[in-house]
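A short worksheet on the structure shown next.
The values are calculated or read from the model by the stated rules, or taken from the named source; none is laboratory data. Remember, it's a predicted structure, so these values are computed and weren't measured experimentally. We place every Cβ from the backbone using ideal geometry, glycine too, and count neighbours over all the protein chains shown. In case anyone asks, the SASA skips ligands and DNA or RNA and just uses the protein heavy atoms, side chains included. Shrake-Rupley method; radii C 1.70, N 1.55, O 1.52, S 1.80 Å.
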Amino acid sequence: MLPRRHWLTILILLVGTLASLLAAWQLANADQERSEARFHSLAQSAVTAVDNKMDMQIALLRGAAGLFNASGTVSQEQFRAYVDRLRLERNHPGVLGIGFAAFAPTQVGIQSAAKASSAQGLDVAWWPAGERDNYSAILRLEPLNRRNRAALGFDMMSEPTRREAMVRAGRNMRSAMSGKVLLVQEIDKQKQPGFLIYTPLARKSQDGGFRGWVYSPLRGFDLFGSLFSGRDFEAVEIAVFDGEPSPENVLYGSPALRENPRHQMFAPLEVAGRTLTLRIATSPQYDTSAPLALSIVVAAAGLLITILFAGLVAQRERTMGRIERQVDERTRQLRDANRQVRSEAEARSAAEAQLHQIQKMESIGQLTGGIAHDFNNMLAVVIGNLDLAQRTPDDPKRVQRLIEHARRGAKRAAELTHRLLAFARRQTLIPTYVHAGVLIEDMLEMVRRSIGTSVVLQTDLAADLWTIHVDAAQLESAVLNLAVNARDAMPDGGTLDIRTSNAVREPTGEPDAASGEFVMICVTDSGEGMSEEVRRRAFEPFFTTKGVGQGTGLGLSQVYGFAQQSGGFMEIQSAEGKGTTVSIALPRNLGVVEQESSAVAASGVSTAGRGETILLVEDEEEVRTFSADALKQLGYCVVEAASAAEALERLGDGPIDLLFTDVVMPGMDGRKLAEVAQKRQPGLRFLLTTGYSDEALAEHGGLPDGASLLHKPFSVEALATKVRALLDSNSSASKA
């Protein structure tokens, strides 16, 4: 029997041993949990990095598609400038370029497309030859380096894997990723597995047919290697497969499995209609760095601690110090990961900012159906009344009435074109005197077509509304933008209410508080409403609660800027679940409209000609014939020319009082013609006309000195007024 003095020692040994074994077991479990948590964090970071990379690539292709869809035709220089700004080699390793592949249902059609591209300076020849159901050809591929030049003209429909992705993209009108292929650009000895992503273009050709795709060829090892080459992923081995994880499907990494990794997971990732599989496994470095022997050390230390109590304290301190260092290391890794995520978010925001202007044009697509319907109605009025006038030549009064009806229909079509150009920001906009109630009443049909049938439109337009002095086209765009925003806030339908009223704001003494007489335009929806934080930030530039690619319109910040520049202000009243009211306040105009109208009515200026000679330059024969007949009927002598060159020859035949020319013509344009004619005949007056927007004139240098602009289509009255005003101003200048 042991002495009693040993009992405590034995008790300490038993308790110490049990405590040490229990502590070792717990630490082993904690170590395993930390190891698994760290591995899953690294694996999720890898999946997120690939997902973000592919989202960014699709966003780049959508931007390129937006360039084609917005412009209709894109020159080689425009396309090269767009791709150069992306700096693919520096910012997107593994992305060999961005290209355009045309589509044609016939071999003759695709060969014609390749010849047309060759005419723009590229040596494009369609290949490989062969009979297929459909055809394609790579017509543009930037940057046009040695690799990409080898791919020009290649018919990707000739290869099954590429063809499947192209057909899927064209059928679904969404971006589509191909399976694993050997890229045409792999012309060197060292070849990498690759794949392609296609984004279809909108059907905007004259026959509504499919034009083709913008696409990117991607090298697997360069693309994914740029993501996983940093220190963040040194502790794991990553492989990317096209579909099932097998050696023949590998896009990046080693296809061979390392035996008995500490952790391993397979993560599927859907990308553009195809599944990528990521295999993430711990590397030998990970296994070496993990404190696998910590439980053994603690167990041995626990036995020693039971013998030497002091050793317990020292061992505990060493253990805690080791744990703190591990926590510091994990914290540093998290900071690095967060820094990388922020960097990727900033890069994505920059790409979204580049796409912002192109996305604004998406809102015009919402009006396409309604605009086509309205134009057909107006053309039906014009064609129908002119047809009836031809059938009843013996009834002059009826013929006159039918012609007047056709004229009204044509005028409505011209006004609709002006509104559409103004909304698309393609028209130079000038403040005019506006009755907001009449303006909104005229655009209600456009609003109804924009918000759809699930939203009920209600109006309360005050009859005694004051006149305002604003840009009418910008006001129309602002109201339409607010209506579309309200529609988006009511995904399941609801009620949209547009109200106008007069309001007087008394001074409150607060800084920046508006006071005076205003016309209020209020747009109210019964939708989801805004939180207080969203309401406070609603006017900030680029702030939105919508997803990327859902369209922007003017944006509340631009409507706010329009109201501020017009001398007014904007307000938002909203609560979550209770709808939103956006109010635009525009200052009242006092007395100017009546004075201007009276001055015009009292002027009594004659618009008849006095035998002056007008040189008419117009390349469209029918427009030239109409203009010449109108000027002759007004009392002018007319000299006609079909081109600028012919007009310069006619200048030498005799004195010319006025040059009336189109702006956009083959060869020398109207602006250049005016400059040359002014040098030959100093003091000559000019009247320029165009059916394009004012931006077209600006691209040709703007109006010359002493010239005026007449927009097509124009009436005889408008032509008479412009011509007479220019000739009279010339006479006044000569007398002075």
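Listing for the model above:
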{"item": "Range of Cα positions in the stretch 89-226 per principal axis (Å), largest first", "result": "44, 32, 28"}
{"item": "Distance from the stretch 249-268 to the stretch 15-47 (C-alpha centre basis), Å", "result": "23 Å"}
{"item": "Rounded accessible area of K632 (nearest 10 Å², 1.4 Å probe)", "result": "100 Å²"}
{"item": "Accessible surface ranking that places the most exposed of S41, S35 first, with a 1.4 angstrom probe", "result": "S41, S35"}
{"item": "Under 5 Å, built H, 5+ apart or other chain: amide partners of V124", "result": "S118"}
{"item": "Burial order of peptide ranges 718-726, 182-190 (average beta-carbon count within 10 Å, highest first)", "result": "718-726, 182-190"}
{"item": "Sequence-distant residues sharing a close amide H with T689 (under 5 Å, placed H)", "result": "T661, D662, V663, L710"}
{"item": "Förster radius 22 Å - calculated FRET efficiency between R408 and L388, Cβ distance, rounded to 0.05", "result": "0.95"}
{"item": "Net length gained if the chain between R680 and H40 were fully extended (0.36 nm per residue, minus Cα distance)", "result": "222.3 nm"}
{"item": "For T500, solvent-accessible area (1.4 Å; no DNA, RNA or ligand), Å²", "result": "10 Å²"}
{"item": "Inter-label distance, nm, simple model (7 Å from Cα along the C-beta direction), N502/K672", "result": "5.6 nm"}
{"item": "Mean Cβ neighbour count within 10 Å, used as a protection proxy, ranking 262-270, 148-156, 337-345 highest first", "result": "148-156, 262-270, 337-345"}
{"item": "Residue-level accessible surface for R487, protein heavy atoms, 1.4 Å, Å²", "result": "50 Å²"}
{"item": "Heavy-atom SASA rank of T453, T17 (probe 1.4 Å, accessible area, largest first)", "result": "T453, T17"}
{"item": "Over the stretch 44-166, relative contact order from alpha-carbon pairs under 8 Å, at least 6 apart, %", "result": "21 percent"}
{"item": "Extension gain (nm, one decimal) between T432 and D84, 0.36 nm per residue minus Cα-Cα", "result": "121.1 nm"}
